[in-house]
Amino acid sequence: MPSASIHRILTSAPDDTSGLEQLISSGALEPEKLVAILGKTEGNGCVNDFTRAFSVSALSRCLGEHAQGVSMVMSGGTEGGLSPHLVTFEALDIAGPGPAMAIGTNISRDLEAHEIGTMAQIKCVADAVKSAIQSAQIMNLSDVHFVQIKCPLLTADRIAAARRPVATQDTLKSMALSRGASALGIALALGEIGTAKAEAAKVGEDTHLWSSRASTSAGVELLGHEIVVLGMSAHWSGPLRVDHAVMQDAIDTTPVQRAMKRLDVGKKTQLRAVFAKAEASRNGHIRGKRHTMVDDSDIASTRHARAFVGGVLAGLVGDTCLYVSGGAEHQGPDGGGPVALIAEEKRSWTHRR
């Protein structure tokens with residue numbers, strides 16, 4: 001029976017693999033059992049953020065032949081007090097009681113430039129997410145709590161080489177369209193929206209269409225989609241549990257507190273990792289009071305939102321080592337976003353590796 005194991009590793013730079021190397025050399029982490037690595041890097045999170053690819057390259061060199069088949073999703077931007085870090089996911093073979101946290105991964109086909117931000121991308125993602133859910137042996141869609149996707153974007157070269165008209169000539173806007181289409185693909189796969197709504201959706205505009213468990217991040221370093229699914233499954237064992245919440249706005253911590261209570265954090269479990277989406281509300285207000293995130297011509301609103309929501313959540317959980325990703329198109333309600341939490345039971349658990 002598979003059992004999930006995670007490690008959270010602080011990094012001093014995008015190419016810092018020393019923490020990962022130490023875990024491998026000590027035997028605490030088996031590289032051949034790795035299925036995914038999620039990370040936050042200290043870049044700008046925009047089109048020209050090469051810290052993401054830099055990190056993936058360094059991790060691939062560190063893992064060597066074991067990097068093959070490992071989904072690596074790097075999210076740029078650690079504004080405010082967010083701490084750059086990695087979260088590794090292993091699938092071990094350990095006998096024990098279930099249900100427990102399950103992990104599923106998949107890599108979609110490469111998209112053509114003209115497909116980004118369109119129904120073709122939505123359908124591609126939906127099919128790939130369904131496959132990842134099946135690979136995780138998660139039987140009920142309600143037991144899926146987090147779907148992380150790294151999706152492609154448009155560059156000037158990709159636009160110039162496109163065989164058909166692209167959705168936008170603006171490379172920065174292409175990130176939002178790709179994130180939004182990927183999120184709608186997740187919503188379609190999870191049954192949160194139907195095919196008709198997906199086909200009629202105006203990507204990036206129909207804010208009433210969203211997924212409660214999607215986290216998407218666009219990057220220049222790939223052409224397809226790296227997909228990581230977390231959920232609960234009776235076919236998995238181990239001490240890890242996962243749950244999710246949806247913040248209705250940037251300071252809405254009540255749903256997160258409820259999820260922590262469901263996980264019994266502080267009593268029977270300890271919090272091991274937090275993943276969240278952040279987005280500046282389009283109306284320029286938070287609970288009736290004006291904010292300036294969308295009016296700042298010097299700093300992208302996604303960067304403001306990461307720092308702000310990162311601070312809100314850090315104050316709640318008492319930790320700055322959080323995976324907070326900006327750009328939440330169709331990921332939670334406008335100005336809010338999904339949050340996933342992984343907790344580990346405090347009771348003793350013998351890992352027979």
Exercise. With respect to LYS40, is the statement that it is farther than 30 Å from ALA181 by Cα, at pLDDT 95 or above and among the basic types (Lys, Arg) true?
Worked result: no
Problem set entry | Residue that is surrounded by fewer than 17 Cβ atoms within 10 Å (Cβ to Cβ), in contact (Cβ under 8 Å) with a residue 12 or more places away in the chain and closer than 22 Å to ILE227 by Cβ, where the choices are HIS7, HIS66 | HIS66
Exercise. What is the number of the single condition among (1) closer than 24 Å to ASN283 by Cβ; (2) crowded, with 18+ Cβ neighbours inside 10 Å; (3) touching a Leu at 6+ places or on another chain (Cβ under 7 Å) that LYS197 does not meet?
Worked result: (2)
For this session: Report, by residue number, each residue of segment 35-54 that is polar (S, T, N, Q) and touching a Gly at 6+ places or on another chain (Cβ under 6 Å).
Result: THR41, THR51
Seminar exercise, completed: Going through (1) outside any loop (DSSP other than H, G, I, E, B); (2) over 18 Å from ASP143 (Cα atoms); (3) touching a residue at least 12 places away in the same chain (Cβ under 8 Å) one by one, VAL229 fails only at (2)
Exercise. Which residue pairs have Cβ atoms under 7 Å apart, sit 6 or more places apart or on different chains, and have a first residue in segment 234-260 that is in contact (Cβ under 8 Å) with a residue 24 or more places away in the chain and a second that is buried (at least 21 other Cβ atoms within 10 Å of the Cβ) and among the basic types (Lys, Arg)?
Worked result: HIS244/ARG213
Exercise. For segment 201-232, which residues satisfy the criterion of being more than 22 Å from GLY327 (Cα to Cα) and surrounded by fewer than 24 Cβ atoms within 10 Å (Cβ to Cβ)?
Worked result: MET232
Exercise. In this structure, is ALA36 within 30 Å of LEU154 (Cβ to Cβ) and part of a strand (DSSP E or B)?
Worked result: yes
Problem set entry | Condition met for SER174 (in contact with a helix residue (DSSP H, G or I) (Cβ under 7 Å, 6 or more places away or on another chain), on the phi < 0 side of the Ramachandran plot, crowded, with 21+ Cβ neighbours inside 10 Å and of a type in the set (S, T, N, Q)) | no
For this session: Kindly provide the set of residues from segment 303-348 that are hydroxyl-bearing (Ser, Thr, Tyr) and more than 15 Å from the chain's Cα centre (by Cα), ordered by number.
Result: THR320, SER348
For this session: Considering every residue within segment 113-127, establish whether at least one is under 21 Å from SER12 (Cα atoms) and either among the acidic types (Asp, Glu) or modelled with pLDDT under 95 (or both).
Result: no
Exercise. Quick check: anything in segment 197-204 touching a residue at least 12 places away in the same chain (Cβ under 8 Å), touching a Ser or Thr at 6+ places or on another chain (Cβ under 7 Å) and of a type outside the set (S, T, N, Q)?
Worked result: no
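For every residue, the table says whether it meets (1) within 19 Å of GLU329 (Cβ to Cβ); (2) among the aliphatic types (A, V, I, L, M); (3) more than 20 Å from the chain's Cα centre (by Cα); (4) modelled with pLDDT under 95.
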{"position": "VAL129", "(1), (2), (3), (4)": "yes, yes, no, no"}
{"position": "ASP143", "(1), (2), (3), (4)": "no, no, no, no"}
{"position": "GLN169", "(1), (2), (3), (4)": "yes, no, yes, no"}
{"position": "SER182", "(1), (2), (3), (4)": "yes, no, no, no"}
Problem set entry | Selection within segment 74-102 - among the β-branched types (Val, Ile, Thr) and modelled with pLDDT of 95 or more | THR78, VAL87, THR88
Problem set entry | Qualifying residue in segment 40-57 (condition: without any contact (Cβ under 8 Å) to a residue 60 or more places away in the chain, over 21 Å from LEU230 (Cβ atoms) and of a type in the set (A, V, I, L, M)) | no
Exercise. Of LEU34, LEU23, LEU10, LEU59, which residue is closer than 18 Å to THR105 by Cβ, out of contact with any Asp or Glu (no Cβ under 8 Å at 6 or more places or on another chain) and not β-branched (Val, Ile, Thr)?
Worked result: LEU59
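The values are calculated or read from the model by the stated rules, or taken from the named source; none is laboratory data. Please read these numbers as outputs of a predicted model, since none were measured by experiment. Using ideal geometry, Cβ is built from the backbone for each residue, glycine included, and neighbour counts are taken over all protein chains shown.
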